[in-house]
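Following: one structure in C-alpha cells, then a few remarks.
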Amino acid sequence: MFTIPVVIIAIALGTWQLSRMEWKKEQIALRTDRASAAAVSFTETYPGEVADPQADEFINVWVEGEFLHDKELIMGARSLDRQLGVQIITPFAMTDGRQILINRGFVPSDLKDPAARPEGQIEGTVKLEGLLRVGGWKGYEFVRPENDPEDNFWFYTDIKEMSQKTGLSNPVMSVYLDAGPAENPGGYPLGGQTRIELVNNHLEYVITWYAMALILAVIYFIYHYRPVEKREDD
C-alpha cells in the first residue's frame, strides 16, 4: 500500500516540474522579446506612475534628462569575467521633472570611487536606453542580506530607502532602469548587465520524478502479479 501513494506523488511532482519548465521557457522568451524590441519613450508610455510594474518588467524604454552624480549609490558585491567589482546606481532627473534610479552597470573595485572614472561621469542632458526593472530582494527571504545606507553599500535595490538616502525630493518612480549596453566614455560603468536568462533545469527533475514513478510501478506490478510457483508435495 505504501508504493501506490508514492507513485502518485512522484507523478504529481513530475507534472508540476513540467509546468514550471514551460513557465520558465515563456518567461525567457518574454524577457528576450522585450529586451530586444525598439525602445519606447518612458515619459510617453508612463505619464504617471507605472501601474503594474511586474507586468511591464524588462520593457525597453528610453529616458532623457541629467544624471545626479553627487547622489551615486554603490551596489555590490558583483563580478564580471572573474573580476570583482560593484554596480553603480545613479539618480536621474528626467526632463518632465520626475526622477528615476538608473543602474548604470559594472565597475571594477578599483574604480568604485567616481574620481577614478571621471570620463564616465557624463554631464548635461543625455538620452539613454534601459530595461524597466522592479526593485526588491529577488532571492529567498531567509538569506536576504541587510543593506547598509550609512556606508552607502547596497546588496539589492530598495527604491524607497535609496531615495531617502540620496534626499531626492521630486517624485521618484517606483521602478528603476538597467542601463543598456551603450558604451560610456572611459568604458565604465559597463552597462547591459541585465540577466535575461533564467536557470531552467526542470527537465532533469521531470525525468527523475517520472522515472521514479515508473520504476516503483514496475516493482509493484512484479511483486503483486508474479506467477505463483507450484510447490511440490513433500
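The values are calculated or read from the model by the stated rules, or taken from the named source; none is laboratory data. On a predicted model such as this, the values are computed, not experimentally measured, just so you know. Heads up, the Cβs are rebuilt from the backbone with ideal geometry, glycines too, and the neighbour counts pull from every protein chain shown.
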| task | Would you mind stating whether residue 182 is of a type in the set (Gly, Ala, Ser), within 38 Å of the chain's Cα centre (by Cα) and either within 27 Å of residue 30 (Cβ to Cβ) or at pLDDT 75 or above (or both)? | result | yes
| Within the set of pairs 6+ apart or on separate chains, which have a first residue in segment 63-90 that is at negative phi and free of Cβ contacts under 8 Å to residues at least 24 places away in the same chain, a second that is surrounded by 15 or more Cβ atoms within 10 Å (Cβ to Cβ) and assigned to a strand (DSSP E or B), and C-beta atoms under 6 Å apart? | 90/67; 90/102; 90/104
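Can you give me the ranges of the strands (runs of 3 or more DSSP E) entirely in segment 6-119 with at least 1 residues that are acidic (Asp, Glu) and out of contact with any helix residue (DSSP H, G or I) (no Cβ under 6 Å at 6 or more places or on another chain)? Lay out the reasoning, then the answer.
Values: elements: 60-67, 73-80, 83-94, 99-108.
Result: 60-67.
This table checks each residue for (1) more than 14 Å from residue 175 (Cα to Cα); (2) in contact with a Lys or Arg (Cβ under 9 Å, 6 or more places away or on another chain).
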residue: 18; (1), (2): yes, no
residue: 29; (1), (2): yes, no
residue: 45; (1), (2): no, no
residue: 74; (1), (2): yes, yes
| said: Consider segment 42-86. How many of its residues are loosely packed, with under 12 Cβ neighbours inside 10 Å, small (Gly, Ala, Ser) and either over 20 Å from the mean Cα position of the chain (by Cα) or farther than 22 Å from residue 158 by Cα (or both)? | reply: 1
| Which condition number in (1) small (Gly, Ala, Ser); (2) surrounded by 12 or more Cβ atoms within 10 Å (Cβ to Cβ); (3) more than 27 Å from the chain's Cα centre (by Cα) is the one that residue 191 fails? | (3)
| note | Residue hits (segment 120-155; within 21 Å of residue 94 (Cβ to Cβ) and part of a loop (DSSP other than H, G, I, E, B)) are 121, 122, 123, 124, 125, 135
| Residue selected from segment 108-157 under the condition within 20 Å of residue 176 (Cα to Cα) and in contact with a Lys or Arg (Cβ under 6 Å, 6 or more places away or on another chain), by the criterion modelled with the highest pLDDT | 149
| query | Here are some residues: 12, 35. Which one is over 30 Å from residue 208 (Cβ atoms) and hydrophobic (A, V, I, L, M, F, W, C)? | reply | 35
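Looking only at segment 124-139, count every residue that is loosely packed, with under 14 Cβ neighbours inside 10 Å and over 9 Å from the mean Cα position of the chain (by Cα) and tell me the total. Working first, answer last.
Residues of segment 124-139 loosely packed, with under 14 Cβ neighbours inside 10 Å: 124-127, 136, 138-139.
Those still in the list that are over 9 Å from the mean Cα position of the chain (by Cα) too: 124-127, 136, 139.
Number satisfying all stated conditions: 6.
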| field | Given (1) surrounded by 11 or more Cβ atoms within 10 Å (Cβ to Cβ); (2) under 20 Å from residue 92 (Cα atoms); (3) among the polar types (S, T, N, Q), index of the condition residue 169 fails | value | (1)
| request: Working carefully through the options 139, 120, 191, 130, find the one that is among the small types (Gly, Ala, Ser) and in contact with a Ser or Thr (Cβ under 9 Å, 6 or more places away or on another chain). | output: 130
